[in-house]
Amino acid sequence: PTEMAKGMHQVQSMTDKSVDSMKVLDQSTKMAVASNSQVNETVAVGVGIVNAFGMSMDDLSTVYDKLFKVIDIGDVSMQDMYQSMGTLTTSAVRANVPFDEMLGQLSFLTTNGLDATSAITALARAYDGIYEKSDKFKELGIDVFDSVTGEARKTTDYTKVQMNRGVT
């Protein structure tokens, strides 16, 4: 009961009143059981991601499915995500890195020897570097920001352009 109360408090503090709190709590509880973690941790991670990436709460189940895949194939726990995911998602959103790309990179790094905390920190720094050093990228002919909208382009967009140019 106490864990559920903490989870509900987390849901209510991270969502607006139009959200079905019981549905969010139910999905978060299932993820907590599957990932052997606390409900309030899964709420903080899942709802935090939904909010950061501008998704709908209807996407929460899909977010949890993808997070579970990362936990399953990578060397990452929900506790690791709870401790550091806010920093990573903030950096990823600022650099316009898509959610799926972020998770794929996290899985790659953790399955290739980096512990979760180091992988999350490395990715956040890389995303911050892309965003903060966009002028240096521009000198190399890599446009990090869209020239029309001024928004950060997805990393996959400018990576593909450079690969097509033969730049690696």
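Here is how the numbers come out for the structure above:
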{"quantity": "Contact order relative to length of the chain, as percent, for alpha carbon pairs under 8 angstrom and 6 or more apart", "calculated": "17"}
{"quantity": "Carbon + sulfur, % of accessible area of region 70-130 - ligands and nucleic acids excluded, 1.4 Å", "calculated": "51"}
{"quantity": "Helix-only [θ]222 nm of the chain, DSSP H runs n ≥ 4, -39500 (n - 2.57) each, per residue, nearest 500", "calculated": "-23000 deg cm²/dmol"}
{"quantity": "Candidate lysines - alpha carbon under 16 Å from K30, same-chain residues fewer than 8 apart omitted", "calculated": "K6, K66, K69"}
{"quantity": "Cut-off 16 Å (backbone N to label point 7 Å along Cα→Cβ of A5), residues of region 18-50", "calculated": "39-40"}
{"quantity": "For the chain: accessible area per residue (Å², 1.4 Å)", "calculated": "55"}
{"quantity": "Measure of compaction for region 1-133 (Cα Rg per 2.2 N^0.38 Å)", "calculated": "1.01"}
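The values are calculated or read from the model by the stated rules, or taken from the named source; none is laboratory data. Since this is a predicted model, take the numbers as computed values, not measurements. We place every Cβ from the backbone using ideal geometry, glycine too, and count neighbours over all the protein chains shown. Heads up: the accessible areas ignore ligands, DNA and RNA and are worked out on the full protein's heavy atoms, side chains in. Shrake-Rupley method; radii C 1.70, N 1.55, O 1.52, S 1.80 Å.
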